[in-house]
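Below is one structure, written out as structure tokens; comments come after it.
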Amino acid sequence: DLSSVLILVPALPIAAELRSALLRKAPRPLLLPRIDTLSNWVQSADLDGIPETLPESARQVLLHEALSERGWFDEAALWGIASEMAGLFDELTAAAVQLPDDEVDLADQLQRAYALRTSAPLAFEARVVHELWRALAAVGRPDAAAAYRLRLGALLHKVADSRCSGAQPLLVLLD
């Protein structure tokens, strides 16, 4: 009986192959484990204390308004820039990048990363990123990428606590 086991796989097609392989190798009828992807498991877990996610449409509007208020770019380009900034923030969040305290520190980090000397365009880009990221943070609700990281962290604590109490075994298959 493997029904108490949770197996996380990289993609759902692997789940079907794994189920078939388990049934082929079992000497008798078998209660199969629950098989899911990490992403599905994280998103569907019942967790307390995770703030409500800021909808993507609200995030895009907030970024557009912040860009519009600052007057840095042509109005016709703002939706595209807002979309690109949202994507950048998702990548930075997924990589657990911490925003420096001010745009000067961010510009310094970027200059070191790209082995550049003081650069006005890079300083401007750092200012744009810093101010827009702060504008999103001021809302007080995580975007989808931040909520995913919060949920994942909460699940890791939950799994660690349950391992101590002998609860559901968890297996992770990597490709």
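Show me the trypsin sites (Lys or Arg not before Pro) within segment 71-175 that DSSP assigns to loop and that have at most 16 other Cβ atoms within 10 Å of their Cβ.
Arg117
Given that compact globular proteins tend to follow 2.2 N^0.38 Å, what is the ratio of the alpha-carbon Rg of segment 8-55 to that value?
1.59
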> Using 7 Å Cα-to-Cβ label points, what is the Ala154/Arg19 separation (nm, one decimal)?
Replying inline: 2.8 nm
> Beyond 17 Å, what share of the Cα-Cα pairs of segment 53-116 remains, rounded to the nearest whole percent?
Replying inline: 54 percent
> Taking the Cβ-Cβ separation of Ala113 and Trp72 as r and a Förster radius of 30 Å, what is the calculated FRET efficiency to the nearest 0.05?
Replying inline: 0.85
> Can you tell me the Rg and Dmax of segment 1-96, counting just the alpha carbons, in angstroms?
Replying inline: 21.8, 70
> Along the three principal axes, how long is segment 117-161 when you take its alpha carbons, biggest first, rounded to the nearest angstrom?
Replying inline: 49, 26, 12
> Over the Cα atoms of the chain, what Rg and Dmax result, in angstrom?
Replying inline: 22.0, 70
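All of the numbers you see were taken from the coordinates with simple rules; none came from a lab. The structure presented is a predicted model; accordingly, all values stated were derived computationally and were not measured. In this analysis, Cβ positions are derived from the backbone assuming ideal geometry, glycine residues included, and neighbour counts consider all displayed protein chains.
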